[in-house]
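Contents: one structure, followed by commentary.
The values are calculated or read from the model by the stated rules, or taken from the named source; none is laboratory data. Predicted model, so just to flag it, every value in this text is computed and none were measured. Here the Cβ positions follow ideal geometry from the backbone for every residue, glycine too, while neighbour counts run over all protein chains shown. Note: areas computed on protein heavy atoms with side chains; ligands, DNA, RNA excluded. Shrake-Rupley method; radii C 1.70, N 1.55, O 1.52, S 1.80 Å.
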Amino acid sequence: MSPPENPNGGAAAAAPSEPAPPAKPSSSKGKKKDDKKDDDLSEEDLALKEQLELYVVRAQDVDPGVQRLALESMRQEIRSATSSMTSVPKPLKFLRPHYGTLKSYYETMPESELKKYMADILSVLALTMSAEGERESLRYRLLGSEGDIGSWGHEYVRNLAGEIAQEFEKRQGDDMPIDELMELVQQIVSFHMKHNAEPEAVDLLMEVEDLDLLVEHVDSTNYKRTCLYLTSSSRFLPSPDDTLALDIAYTIYMKFEDLASALRIALLLDNKSIQYVKQVYTATDDLVLKKQFSYIIARHGLAMEIDDEIAADENDKEMLQEIVNNTKLSEGYLTLARDIEVMEAKSPEDIYKVHLIDGRGASSSLDSARQNLAATFVNAFVNAGFGQDKLMTAPSDSSSSGSSGNWLFKNKEHGKASAAASLGMILLWDTDSGLAQLDKYLHSTDTHVVAGALLGIGVVTCGVKNDCDPALAILMEYVNKDDSNIRIGAILGLGIAYAGSQKDELRVQLSAILGDPQATLEVLVFTAVALGLVFVGSCNEEIAQSIIFFLMERSEAELAEPIIRLLPVALGLLYLGKQESVEATAEVSKTFDEKIRKYCDVTLMSLAYAGTGNVLKVQKLLGICSQHLEKGETHQGPAVLGIALIAMSEELGAEMAVRSLERLLQYGEQNIRRAVPLALGILCISNPKVNVMDTLSRLSHDADADVSMAAIISLGLIGAGTNNARIAGMLRNLSSYYYKEAAHLFCVRIAQGLVHLGKGLLTLSPYHSDRFLLSPMALGGIVTVLHACLDMKSTILGKYHYILYIIVLAMQPRMLLTVDEDLKPLPVPVRVGQAVDVVGQAGRPKTITGFQTHTTPVLLAAGERAELATDKYIPLTSTLEGFVILKKNPEYHEE
């Protein structure tokens, strides 16, 4: 039913010459209300009301001159009416009853300038009058004159924008032309952009699917805010709109030569990454700026060759390649350590702080080999990257031949492997001395020691590339040895050393091992994992094929082995964060043996959507967790981890995921409860949130041993590298609570090592650049370790404890180190405080709150941001994190 022409039900239009009868109120109640209103009005208001009623009458006059004057006056009144934000402007209020009258009169007017004029006024009146969904304001706007819409005020423009969005959707559905709408959109966007309403302009353009218009409307004053809104909203947009928004932001940054920000977006858009990164490099001739880009790329872990396009000069090329290869990392990290005065090596006893625990001392009757193994890991984690410790590198009295040998042999069999590898962790990123010190163990007669040394070589070169690839040269010799321990050491070492590098020779070599009939199951599984890490997120079909074939050929008995759970992870790593690209492989996985089919399916989905915040996938995984299963099904564990992996991409999603996980704890089956602590560990990795800490503390005393062990490890994960005193206290209490349980005590020790990771200078968070970029290598390392933790008894507490070293992929200094143009450290004052989200806020809001001023180098905790506290220098990147190059500000004058 079409609405009646006149909403007031009064006469359609009174004879033009006599005054229009006042519109009949719709009910007697309305009448009383009207009378009362008239009494309440002040004299000015009454005068205004009568004035306006007179205009309405005059506007229907026969004489066009009179009409024009009346409309003009009405227009003036409406435009000049300024009222508070909350109430309707007076003229609009008083003209309400006449809306219908004017509308029906409009229909009778002949085509003329005046009719357009009238349409303009009706369009504004429709703002408060038209029925929901009628879009009258837009209709009259399109019929009216071409004038400047902004002059009718902000609210009017916003209302129009809303109506355009609805109309656009309808017209698209009906295949009607949209050109006239787009002209209006142009006007509105330019109005919004001039009036600091960038988010509204962006929203409108997203609705009408024409973001490209933005590029011509931004200027140097508002491009930063526009791009900030685009990049922040891209996290909530469905694909492919999210990449489109980022693409536009990239274009805008390039247009205004904010190249460092453009580079960050290039790294986020992985499918175009390399070509965009090259564009950013070639857009400038400033070598110092290129050095800064190289630092950003090194932090992200992108394997990139600096070619002649990027730098023509050989020396420059070599220098940039060195930065990209991360060779400066160790030096920078030690500069930070010296500045904070934490160079002195710490022993595991310094971390356990047994003297602070009441009553029970650490009972030494426990399995001493396992205690020593725990101490090995604690020592490696705490002294990571410092190059000296008290167990492995300490020089001892001349009588014995160096204590490092002694400590090694305080471990049993495979414990020696972890002990030898721990040297790699202690010398982290310092490849030269690392390889030199590990070399002596390669000549050992004990296969476990050799295996550990090989793994250590992988660890020491983790994230640091080298043109002559020493790790590749050494490890390749051992990959095909007979002893399976040595093979595993070499293979995992390669996986860690070349994670994310997508080196082709590794693909050839390692794929060959997958087809080797002589190799043991564990060798094959670790080969698949290494391939997954090296080709993380590459969607490499060939490797996926070989892992799939390998999975299909396994016998029933082999599929029952606990270590087999790492195979689906290896397959998933190839598609880490690549969303739809995984679908073909996921289809194939549905044909696997039913023992592993669901496990594989869930793992693939959770890794492919890791860090994307895809709500639909989270719902699907929650659905999987809500089923009550028969015995023996294990795929709900990965589903729980998957929820955390997908939701970790932004704060809101992470908080909601924490709440969902609480529910799973209350209602879930046992195998779900075992995974929940680990999921909480991922969500808040290196970010000890109090509510999560309390939940994990509660779970660490759970009756189920697996749940409590997972909770203990997760306490270590959320406190990783923070030295958090509260978590350290909890872990000390747990160590006395579980003093008789060897397995629990081992977990407590590992967690204590993690909390004091790098003496509090490191982080495990895979996010960097203000939580904007996600490093695929780091995430790959975390995921692999957590999947292994889903079955701790047979992996980390069994003989595969060296899987813990894979976490090194996520270890990064949480520092801000400012350097000058020659890359020498340059101390400057900076303010460090809690980061504030300023997206879409008016004016120039402060980006940090509750700051303290320090001199660089400084540590940045989770959720903190830094800004320079001096105008003397200008940073070459807007995000102050990691290595930041400062150049002198030419306009700065000392007081």
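Between the range 250-265 and the range 175-249, how many Å separate their Cα centres? One Cα centre to the other: 17 Å.
Looking at the range 189-273, none of the GluC sites (Glu not before Pro) sits in a DSSP loop with at most 10 other Cβ atoms within 10 Å of its own Cβ.
For the range 720-791, trypsin sites (Lys or Arg not before Pro) meeting the loop criterion (DSSP other than H, G, I, E, B) and having at most 14 other Cβ atoms within 10 Å: LYS740. The GluC sites (Glu not before Pro) of the range 77-149 that DSSP puts in a loop, and whose beta carbon has at most 15 other beta carbons within 10 Å, are GLU111, GLU132, GLU134, GLU146. Solvent-accessible surface (1.4 Å probe) assigned to HIS628 amounts to roughly 130 Å². Residue separation of ASN889 and ALA512 scaled by 0.36 nm, minus their Cα-Cα distance, works out to 130.1 nm of gained length. Within the accessible area of the range 674-717, the carbon and sulfur atoms contribute 50%, probe 1.4 Å, all protein chains present. Using the 1.4 Å probe convention, the accessible area of the chain works out to 43 Å² per residue with neighbouring protein chains retained. Packing-based ranking of 469-475, 417-423, 383-389 yields 417-423, 383-389, 469-475, ordered from highest to lowest mean Cβ neighbour count within 10 Å.
The accessible surface of the range 196-319, taken with every protein chain in place and a 1.4 Å probe, is 47 percent carbon and sulfur.
Roll a 1.4 angstrom probe over the protein heavy atoms and tell me the percent of accessible area of the range 815-888 that is carbon or sulfur. Using a 1.4 Å probe with all protein chains present, the range 815-888 comes out at 48 percent carbon and sulfur. For ASP601, the solvent-accessible surface computed with a 1.4 Å probe is close to 50 Å², ligands and nucleic acids excluded.
Within a straight-line Cα-Cα reach of under 19 Å, LYS872 can be paired with the following lysines, leaving aside sequence neighbours fewer than 8 residues apart in one chain: LYS824, LYS887, LYS888.
Only lysines eight or more places from LYS412 in sequence, or on another chain, were considered; those with a Cα closer than 29 Å are LYS346, LYS353, LYS390, LYS440, LYS481, LYS740, LYS759, LYS793, LYS799. Cross-link partners of LYS689 among aspartates and glutamates, defined as those whose alpha carbon lies under 16 angstrom from its own and excluding same-chain residues fewer than eight positions apart: GLU650, GLU651, GLU655, GLU662, GLU864. For the pair GLN172 and GLU587, the difference between a 0.36 nm per residue extended length and the Cα-Cα distance amounts to 145.9 nm.
With the highest mean first, a sort of the peptides 307-318, 702-713 on other beta-carbon atoms found within 10 angstrom per residue produces 702-713, 307-318.
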